[in-house]
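Take a look at the structure below.
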Amino acid sequence: MPVTPQETPSVAPSKVFIKTYGCQMNVYDSERMGEVLNESGYVSTETLEDADLVILNTCHIREKAAEKVYSELGRLRKLKSRSGRDMKIAVAGCVAQAEGEEIVRRAPVVDLVFGPQTYHRLPDLLDRHRDTGAAVIETELPVDEKFAVLDAPSTKPVKRGVAAFVTVQEGCDKFCTFCVVPYTRGAEFSRPADRILAEARKLVDAGVREITLLGQNVNAWHGSGLAGHDWTLGHLLDALSDVDGLERLRYTTSHPRDMDDDLIAAHGANPKLMPYLHLPVQSGSDTILKAMNRKHTAAEYIELVRRIRDARPDIAMSSDFIVGFPGETDADFAATMDLVAQVTYAQAFSFKYSPRPGTPASTEAAQVPEDVKTQRLADLQAVLGKQQAAFNAACTGRVLDVLLEKPGRQKGQLIGRSPYLQSVYIDAGDHVIGDTVRVAIESVGPNSLTGHMVEA
Ligand code: 5AD
Ligand code: SF4
């Protein structure tokens, strides 16, 4: 529409494109970065070519994850010089925290580097860059300041879909010898319970029906609850289950040492807590668990799973595994396969050990050869894949509650999640995203279930 002389032409808002790598905590951080920028006049774009600001929110957990960032920066450099536009490029997240200035040295196209605990300062960082023209690098770890700023009332509505993440805990004091998290995310920090409850209520008002509580060590969360009592995660889950309109709760990722009695009991007693638990074990060998500084044995983990299943017999168990940790022998690997056979998992994530600079295990002499790692990973994934298929197959003929989350590919089809976190495809009829429907499961694919709706 042509602008008439009486009207003041408005300046087009700047556009930000955020690309997220890695874990769900980064997904949450990217959403919050979007909100912080939104408050200072940015709008989000899904089109890289349109962006005035591109943020890569990065992951440093394994070498491959970190290298992807440098490849993407190479592509962005070409895009920027081809288009001739003044596109600002920022690297956020754990690679930013771990590598700091090194990023600008390797990729001079980068204008801003900021770690996971400083994104609330984004508007200031952008101003500083605009004023000086120089690259700005911000890698402090003021996590309590971050949440204090992010928890301030916002003038803009939140948009998070039906299933949302809420970070309740950050950082880690466990120092597993393979892991960068204690260095990139800093010391353990728990957000106050009242702020978490306030965020949950705000999300539910915006249409959220399921909340997954996030933390690198989420079950180490603790805080002072209502009426001054000390709370652990089980109490927080109970308080959240009183939020009207919130239907489902999940939490991830947990450490076996922090599964306390209240949390185990919550799996039996809290009807909103979904029967799915990601509880990484990493290895089934006591020698390797000790070398990893995991602070538990294989037998203790197996006993813990037994107690959790006592509380909630149908719970879907999930885990992370590392193969080829320094010093891992054939017998150690066989112990991992044995643990998997005893526990039986509904889902699992497994990785070859990747030496990370600055972590104790990276300098161990007894590194495992690449071909051995490859073979062990294939053997482990074959068994885990069979267990997952068996878990899914056992759902055929059952009626499951499905929370409808997004449109499917076919007309009228919606995709939802079962209580066990499986994707379920159905013809939803008059039902809409956000409804929970009863679905009779008919068939099972490798990664999803299909079924038809039945009366409640
Ligand atoms: N090498 C391989 N896998 C790793 N993980 C963490 N650090 C490493 C590493 N150095 C895996 C662990 C962890 C998951 C998030 O990533 O299994 O639970
Ligand atoms: Fe890393 Fe998890 Fe170990 Fe913490 S508990 S050091 S986040 S693997």
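Could you check segment 97-173 for strands (runs of 3 or more DSSP E) lying wholly inside it with 3 or more residues that are more than 30 Å from L421 (Cβ to Cβ)?
112-114, 136-138
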- Scan segment 345-358 and report the pairs whose first residue is farther than 15 Å from S254 by Cβ and within 15 Å of ligand 2 (Cβ to nearest atom) and whose second residue is assigned to a loop (DSSP other than H, G, I, E, B) and not charged (D, E, K, R), with Cβ atoms within less than 6 Å and a gap of 6+ or a chain change. Y353/G324; Y353/F325; R356/V180
- Could you list all residues from segment 399-420 that are surrounded by fewer than 18 Cβ atoms within 10 Å (Cβ to Cβ) and either under 12 Å from M274 (Cβ atoms) or among the polar types (S, T, N, Q) (or both)? D401, Q410, Q413
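Here is a yes/no grid of residues against (1) at pLDDT 95 or above; (2) within 15 Å of ligand 1 (Cβ to nearest atom); (3) in contact with a Lys or Arg (Cβ under 7 Å, 6 or more places away or on another chain); (4) among the hydroxyl-bearing types (S, T, Y):
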position: G324; (1), (2), (3), (4): yes, yes, yes, no
position: A331; (1), (2), (3), (4): yes, no, no, no
position: V372; (1), (2), (3), (4): yes, yes, no, no
position: R376; (1), (2), (3), (4): yes, yes, no, no
position: L380; (1), (2), (3), (4): yes, yes, no, no
position: L384; (1), (2), (3), (4): yes, yes, no, no
- Query: Regarding G161, is this residue closer than 25 Å to S40 by Cβ and surrounded by fewer than 21 Cβ atoms within 10 Å (Cβ to Cβ)?
  - Reply: yes
- For L246, state whether it is crowded, with 20+ Cβ neighbours inside 10 Å and touching a strand residue (DSSP E or B) at 6+ places or on another chain (Cβ under 8 Å). no
- Message: For segment 169-196: of the residues being closer than 15 Å to I61 by Cα and of a type in the set (S, T, N, Q), which is farthest from ligand 1 (Cβ to nearest atom)?
- Response: T184
- Qualifying position, being more than 22 Å from K64 (Cβ to Cβ) and either in a helix (DSSP H, G or I) or touching an Asp or Glu at 6+ places or on another chain (Cβ under 7 Å) (or both), among G429, G434, G416, G385: G416
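Suppose we filter I288, I322 for residues that are in contact with a Phe, Trp or Tyr (Cβ under 7 Å, 6 or more places away or on another chain) and part of a strand (DSSP E or B); which single one remains?
I322 is the lone residue from the list that is in contact with a Phe, Trp or Tyr (Cβ under 7 Å, 6 or more places away or on another chain) and part of a strand (DSSP E or B).
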- List the pairs whose first member sits in segment 403-421 and is touching a residue at least 24 places away in the same chain (Cβ under 8 Å), whose second member is buried (at least 20 other Cβ atoms within 10 Å of the Cβ) and of a type in the set (K, R), and whose Cβ atoms are under 7 Å apart, counting only residues at least 6 apart or on separate chains? L403/R209; L403/R248; L403/R417; E405/R417
- Condition met for S40 (of a type in the set (S, T, Y) and touching a Gly at 6+ places or on another chain (Cβ under 8 Å)): no
- Restricting the first residue to segment 170-196 and requiring it to be touching a residue at least 60 places away in the same chain (Cβ under 8 Å) and near ligand 2 (Cβ under 9 Å from one of its atoms), which pairs with a second residue that is part of a helix (DSSP H, G or I) and of a type in the set (A, V, I, L, M) meet a Cβ separation below 6 Å and a spacing of at least six or different chains? T177/A361; F178/A361
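Yes/no per residue for (1) within 14 Å of ligand 2 (Cβ to nearest atom); (2) at pLDDT 95 or above; (3) within 17 Å of A198 (Cα to Cα); (4) in contact with a helix residue (DSSP H, G or I) (Cβ under 8 Å, 6 or more places away or on another chain):
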{"site": "A220", "(1), (2), (3), (4)": "yes, yes, no, yes"}
{"site": "A227", "(1), (2), (3), (4)": "no, no, yes, no"}
{"site": "L240", "(1), (2), (3), (4)": "no, yes, yes, yes"}
{"site": "D244", "(1), (2), (3), (4)": "no, yes, yes, yes"}
{"site": "R248", "(1), (2), (3), (4)": "no, yes, yes, no"}
{"site": "T252", "(1), (2), (3), (4)": "yes, yes, no, yes"}
{"site": "H255", "(1), (2), (3), (4)": "yes, yes, no, yes"}
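The values are calculated or read from the model by the stated rules, or taken from the named source; none is laboratory data. Source: prediction; values computed, not measured. Please note: Cβ atoms are built from the backbone with ideal geometry, for glycine as well, and neighbour counts cover all protein chains shown.
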